[in-house]
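Worksheet: one structure, shown below.
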Amino acid sequence: MEFVKFCKIEELDKKNFITKSIFGKKIAVFKENDNSFFASEVGCKHQGADLTKGKKEGDFYTCQRHGWKYNIKSGECINQKSSKLRKFLIRIEGDFIKISLDTID
Ligand code: FES
């Protein structure tokens, strides 16, 4: 399994997430309150809007375009059960957060 550099850990010191486009996919790494991290696809499964620009309520983000709602940690879409966000494995190496583009599920 190959991991690619996503960002420096310190980039998340003052942010809860960082979003990047990798191979045409919008992916974000989120920092939890316990300083752990997880990575998720954040392009809406409907028409691709960036979910991190939508309304946040706890672990849920609502897409700003047409209102589809997702649990960003599980990837579950409340409106369309078959439209689950991809999750990505994370590895910490030195000062960097790396992600695998092989999905967890
Ligand atoms: S693009 Fe997200 S609900 Fe339509």
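Output wanted: per-residue J couplings in Hz (rounded whole) for region 7-21, from phi through Karplus 6.51 cos²θ - 1.76 cosθ + 1.60, θ = phi - 60°, x for Gly and Pro.
For region 7-21, the Karplus-derived couplings read 6, 7, 4, 5, 5, 9, 4, 10, 10, 8, 7, 10, 10, 9, 9 Hz, x marking Gly and Pro.
Roll a 1.4 angstrom probe over the protein heavy atoms and tell me the percent of accessible area of the chain that is carbon or sulfur.
Using a 1.4 Å probe with all protein chains present, the chain comes out at 45 percent carbon and sulfur.
For Thr62, what accessible area in Å² do you get when you roll a 1.4 Å probe over the heavy atoms of the protein chains, rounding to the nearest 10?
Its accessible surface works out to 30 Å², give or take rounding.
Taking 0.36 nm per residue of separation and subtracting the Cα-Cα distance, what length does fully extending His46 through Ile22 add?
6.7 nm
Would you mind getting the accessible area per residue of the chain, heavy atoms of the protein chains only, 1.4 Å probe, in Å²?
The answer is 59 Å² per residue.
Averaging the inverse of every distinct alpha carbon separation and then flipping it gives the Kirkwood radius. What is it for region 3-103, in angstrom units?
Result for region 3-103, one decimal place: 13.7 Å.
On a full-extension model of 0.36 nm per residue, what is the gain between Lys84 and Phe96, subtracting their alpha-carbon distance, rounded to one decimal in nm?
Contour length minus the Cα-Cα distance gives 1.6 nm.
For region 3-103, what's the relative contact order in percent, using C-alpha pairs closer than 8 Å and at least 6 residues apart?
Relative CO of region 3-103 lands at 27 percent.
Under a 5 Å amide H to amide H cut-off, with H placed in plane at 1.01 Å, what residues pair with Leu89 once short-range neighbours are removed?
Ser100, Ile104
When the scattering of region 54-97 is computed by the Debye formula from its Cα atoms alone, each counted once and equally, what is log10 I(q)/I(0) at q = 0.22 Å⁻¹?
Relative scattering, expressed as log10 I(q)/I(0), comes to -0.72.
The values are calculated or read from the model by the stated rules, or taken from the named source; none is laboratory data. Because the structure is predicted, anything quoted here is derived from the model rather than measured. Please note that ligands, DNA and RNA were not included when accessible areas were found on the heavy atoms of the full protein model with its side chains. Shrake-Rupley method; radii C 1.70, N 1.55, O 1.52, S 1.80 Å.
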